[in-house]
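Peer 1: Pasting a structure here, questions to come.
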Amino acid sequence: MNVSLFQAGAALNANSRWQEVIADNLASSSVPGYKKQQLSMAAVQAGLMPSSSLSAGNSPQMFVLPKATTTTNFTGGEMKSTGVSTDVAVEGKGFFVVQLPDGTTGYTRDGEFQINSRGRLATKEGYPVLRQDGPAQIPVQLNPHDATPMTISASGDITQGASSKGKLALAEFNKPGLLTQISASYFVAQNPGLQTQTATSKVRQGYLETSNSSTVMEMASLMTAMRGFEANQHVIQIQDDRLGKTIADLGNPA
C-alpha cells in the first residue's frame, strides 16, 4: 500500500470539509448572535487503522479518515447599539426561548425581534418569543392597540406603559456544546446529556449581539485551507506519476 496516497487523501477530505465550514461562517457572519463553527481533526500515524478498531488476528489496514467533525464556538459577540426597542441582546451564556413552527422549543441568541399583527413578540422568522409563566413558558403578548412602547429591564421584565407583560424566558445549559444547531440562528436541546441551569444572564434592550465570526480571520483560514488542498493534490499527482513509472519499468524489463 502507498501510505502517502492515503495520507494525502485524508488531508484532501479534511481540507474540503474545512472550506465548507469557512463558507458557512462567512455566509452567516452578518446574522445577529451567530456562533461560528470550528473544525476538529484527529491525527493517526501514517493512515493506519487504530489497533483498537481491529478485530483479533487482523493486521493493520490503510484507510482514509472520515469527515472531520465540527463544533460550535459559543464565545460572545460584541454588543451593537441599534436604538430599536424590539432589539434585545443577551449578556452571558443564556439563550432566548422561542416556539418553533412544529410546536417544539428552540433557542437562539438572535434578538432581532418584532411585534406581529397579533401583538406578539416574535423573531424575524415569525417564531413567538416565550416568557415565563410559572413553570410554563408562553408567548409574549402585547396590546396591539396600545401605542406605548415596550420596555425590557436588564432582568428581562417586560412592561408596556403601566402594564406588566411578564418576563422573558432565558435558558442556560450545563454543556451548550451538546445543543443541536438546526439553522444559522437556532438550536434545539435533543441530547439527553443537556441539563438546564438557573439563568444568570442579563438582557440589553436596544442592542444586538454581533456574530462571533470574523470575516478577516475566516478569509485567512480559507486561504490556508486552499493552499493545503492544493499541496495534497500535488502530492497525489507525484505519487501517481511515480507509480505509473514503476509499473511501466517493471512491465518492460528490457
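Peer 1: Suppose every K and R has +1 on its Cβ and every D and E has -1 on its Cβ; what is the size of the dipole of the chain about the Cα centre, in Debye to the nearest 20?
Peer 2: Working: 19 positive and 19 negative charges, 76 e Å.
Dipole size: approximately 360 debye.
Peer 1: Under the √(5λ) rule applied to the eigenvalues of the Cα gyration tensor, what semi-axes describe the equivalent ellipsoid of region 185-254? Give them in Å, descending.
Peer 2: 55, 20, 7
Peer 1: Hey, another quick one. Of the cross-linked pairs 35/80; 80/124; 93/165, which ones have a Cα-Cα span greater than 21 Å in the structure shown?
Peer 2: 93/165
Peer 1: Additional query: Springs between alpha-carbon pairs under 10 angstrom, Gaussian network model over the chain: which of 201, 183, 211 fluctuates most?
Peer 2: Ranking 201, 183, 211 by mean-square fluctuation puts 183 first.
Peer 1: I've got another one for you. Between 0 and 90 degrees, rounded to the nearest ten: what's the tilt of helix 215-250 against the longest Cα principal axis of the chain?
Peer 2: Taking the Cα atoms of the chain, the angle to 215-250 is about 20 degrees.
Peer 1: If you build a Gaussian network model of the chain, linking Cα atoms that sit under 10 Å apart, which residue out of 198, 215, 75 swings the most?
Peer 2: 198
Peer 1: Would you check the accessible area of residue 152, probe 1.4 Å, heavy atoms only, in square angstrom rounded to 10?
Peer 2: Spelled out: residue 152, probe radius 1.4 Å, area about 20 Å².
Peer 1: Moving to a separate point now. Of 147, 68, 171, which has the largest mean-square fluctuation in a 10 Å C-alpha GNM of the chain?
Peer 2: 147
Peer 1: For region 152-218, just list the percent of Cα-Cα distances falling in each 5 Å bin from zero outward, please.
Peer 2: Calculated P(r), rounded to whole percents: 3, 13, 15, 19, 19, 16, 9, 4, 1, 0.
Peer 1: Take the eigenvalues of the Cα gyration tensor for region 101-188, scale each by 5, and report the square roots as semi-axes in whole Å, largest first.
Peer 2: Numbers: eigenvalues 118, 44, 25 Å².
After diagonalising the Cα gyration tensor, the semi-axes are 24, 15, 11 Å.
Peer 1: While we're on this one: Rounded to whole Å and sorted largest first, what semi-axes of the equivalent ellipsoid does the C-alpha gyration tensor of the chain yield via the square root of 5 times each eigenvalue? Each step should come with its number before you reach the end.
Peer 2: On the way: eigenvalues 543, 78, 34 Å².
Whole-Å semi-axes of the equivalent ellipsoid: 52, 20, 13.
Peer 1: Can you find, among 198, 186, 173, the residue sitting farthest towards the positive end of the charge dipole of region 144-220, where Lys and Arg contribute +1 and Asp and Glu -1 at Cβ?
Peer 2: The one lying farthest along the dipole's positive direction is 198.
Peer 1: Where the accessible area of the chain is counted over protein heavy atoms with a 1.4 Å probe, how much of it, in %, is carbon and sulfur?
Peer 2: Answer for the chain is 53 percent, counting heavy atoms of protein chains only.
Peer 1: Against the longest principal axis of the chain, how steep is helix 3-27, in degrees 0 to 90 to the nearest 10, with axes from Cα atoms?
Peer 2: With both axes taken from Cα atoms, the answer is about 20 degrees.
The values are calculated or read from the model by the stated rules, or taken from the named source; none is laboratory data. Being a predicted model, the structure only gives us computed values, none of them experimental. Ideal geometry is used to build each Cβ from the backbone, glycine not excepted, and the neighbour counts take in all protein chains shown. The protein model used for the area step is the full one, side chains on, heavy atoms only, and it has no ligands, DNA or RNA in it. Shrake-Rupley method; radii C 1.70, N 1.55, O 1.52, S 1.80 Å.
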